[in-house]
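Reviewing the structure listed below.
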Amino acid sequence: MDVVVAEKLTKEFNGRAAVRGIDFAVRARECFGFLGPNGAGKTTTVNMICCFSPVTSGRLTVLGMDVRKHPRQIKSRLGVVPQENNLDPDLKVLQNLLVYAGYFRLPAADARPRAMELLEFFDLADRAGERVDRLSGGMKRRLTIARALINNPEVVVLDEPTTGLDPQARHLVWQRLRRLKERGVTLLLTTHYLEEASQLCDRLVIMDQGEILEEGDPRGLVSRHIGREVVEVGLPGGYAQIANTPCAGQPEGRFGTGVPGKDDRPEQRGVTLPDFGGPDPAGGGTGKVDPPEPAGTALYRLKEYGPPGSLPGTAEWGIEPENGIKMILHRVDSLIRGHLVVGDNIFLFPRDSGQAVLQALQSLPVPFAHLLLRPATLEDVFLKLTGRGLDG
Ligand SMILES: Nc1ncnc2c1ncn2[C@@H]1O[C@H](COP(=O)(O)OP(=O)(O)OP(=O)(O)O)[C@@H](O)[C@H]1O
Ligand SMILES: [Mg+2]
């Protein structure tokens, strides 16, 4: 049975949609992730699941019950870790858990051993008698997660469970969450850490601006959108500001299709390239007349930078700056399935061999800041789909 089912789920705040008709289903015993930049609608979505915030329209069931009709029953079977810690700072660590156990009407005789067991589980047992306001941020986070488990929930919803934790504490939490999953608990989490999503999630959705852009398992998403490897090309200083502008034919802030045959090849942007002796894809190469480029495209802006050498670090290599990025893309065009410009870097997604792309680039007379071949990650998928980093 699906544990959470959303159909056309919508949430508006004062007439403004924060979640726009999304559909998803969370299966029993899986770990399901919501990824997305700031303001994507992740917290809004999980708050509806936790029955904290009413649904504007659409359908949402949790454990087979409609959130509108059975909020109490649902809450009694959920564990919730909110984005902001809301522990009682005046109470001691153990008391925080016991008071919470009281909300679920756990008999006192059961609550204390259960609370101590949870403190052990999260390495907080030696802090049981400490006031909460004396704990470090990471300890508070672990205590908040411990608290969410006091009622032995079937489903645990965690809104950014490890934000602010040091790497060791984060790994400890991941380990504990994995153990919970092994015990049959269904996990829903939002996160800004792509590694967290890769490590924990069986399936995930990538959200942006209240919509779901993609859904799948982490590995499948990476291989579908990016491939196996990424070649990172560091651009010399002055290129960064130029490269990081949208190109013609691409929506603002989103780059590259990654779809074989539909990639944002320079040729398909209506740009003719000089022949630098690279692989010559159909339609590319010399002999064409440049069509006019629409104002505001990356290439148009490149031309606004004036004569060769007007950018720092380009004078000595005698190549017109506007040709640098074109040259890189042209050189590897038939070897890649797509590319993305991220700050000072171009990420190239090799069709087959990353080594072949590296070799092709090394033959160019361009002073790269760096060249790097690395495995493709969920972060690449995220950047490609949302057009920006996780901190929005
Ligand atoms: N109580 C509220 N009243 C009005 N607008 C709200 C409210 N809560 C959220 N929003 C708006 O809804 C949108 C989604 O916010 P939400 O908190 O769900 O994003 P998020 O994906 O959790 O972001 P973050 O990664 O920063 O936590 C934002 O535009 C936000 O301003
Ligand atoms: Mg949030």
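Tell me which helices (runs of 4 or more DSSP H) are completely within segment 39-134 and hold 2 or more residues being within 16 Å of ligand 2 (Cβ to nearest atom) and under 34 Å from the mean Cα position of the chain (by Cα), or say none if there are none. Break it down stepwise before answering.
On the way: elements: 42-49, 71-77, 93-103, 108-121.
Of the helices (runs of 4 or more DSSP H) lying wholly inside segment 39-134, those with at least 2 residues that are within 16 Å of ligand 2 (Cβ to nearest atom) and under 34 Å from the mean Cα position of the chain (by Cα) span 42-49.
Quick check on my filter: what residues within segment 370-392 are outside any helix (DSSP H, G or I) and modelled with pLDDT under 90? Across segment 370-392, the qualifying residues are HIS370, GLY387, ARG388, GLY389, LEU390, ASP391, GLY392.
Pairs meeting the criteria (first residue in segment 103-116 and surrounded by 11 or more Cβ atoms within 10 Å (Cβ to Cβ), second residue in a loop (DSSP other than H, G, I, E, B), beta carbons under 6 Å, at least 6 apart or on different chains) are PHE104/ASN151.
Taking segment 49-64 as the search range and keeping residues that are surrounded by fewer than 22 Cβ atoms within 10 Å (Cβ to Cβ) and β-branched (Val, Ile, Thr), which one is nearest to ligand 1 (Cβ to nearest atom)? Among them, the one singled out is THR56.
Let's see how each residue does on (1) surrounded by fewer than 21 Cβ atoms within 10 Å (Cβ to Cβ); (2) at negative phi; (3) within 16 Å of ligand 1 (Cβ to nearest atom); (4) modelled with pLDDT under 95:
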site	(1), (2), (3), (4)
ASP126	yes, yes, no, no
ASP133	yes, yes, no, yes
GLY137	yes, yes, no, yes
ASP166	yes, yes, no, yes
ARG170	yes, yes, no, yes
THR186	no, yes, no, no
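Condition check: assigned by TED's automatic domain parsing to the domain that holds PRO218, surrounded by fewer than 16 Cβ atoms within 10 Å (Cβ to Cβ) and within 15 Å of ligand 1 (Cβ to nearest atom). Does GLU7 satisfy that? Answer is no for this residue. Taking the criterion of being more than 13 Å from ligand 2 (Cβ to nearest atom) and part of a loop (DSSP other than H, G, I, E, B), the residues of segment 28-38 that qualify are ALA28, ARG29, GLU30.
The lone criterion from (1) more than 16 Å from ligand 2 (Cβ to nearest atom); (2) more than 18 Å from LEU204 (Cα to Cα); (3) touching an Asp or Glu at 6+ places or on another chain (Cβ under 6 Å) left unmet by GLU7 is number (2). Within segment 145-154, being in a helix (DSSP H, G or I) and either of a type in the set (Gly, Ala, Ser) or touching a Leu at 6+ places or on another chain (Cβ under 6 Å) (or both) holds for ALA146, ARG147, ALA148.
Return the only residue of VAL26, VAL67, VAL46 being surrounded by 16 or more Cβ atoms within 10 Å (Cβ to Cβ), aliphatic (A, V, I, L, M) and either farther than 20 Å from PRO153 by Cα or without any contact (Cβ under 8 Å) to a residue 40 or more places away in the chain (or both).
One residue alone meets the criteria, VAL67.
What number of residues within segment 147-185 satisfy the criterion of being acidic (Asp, Glu) and touching a helix residue (DSSP H, G or I) at 6+ places or on another chain (Cβ under 7 Å)? Looking only at that region, the number is 3. In segment 208-234, the residue that is surrounded by the fewest Cβ atoms within 10 Å (Cβ to Cβ) out of those that are touching a residue at least 60 places away in the same chain (Cβ under 8 Å) and closer than 14 Å to VAL26 by Cβ is GLU215.
The values are calculated or read from the model by the stated rules, or taken from the named source; none is laboratory data. Only a predicted model underlies this, so the values are computations on that prediction, with no experimental measurement involved. Glycine gets a Cβ as well: all are built from the backbone with ideal geometry, and neighbour counts include every protein chain shown.
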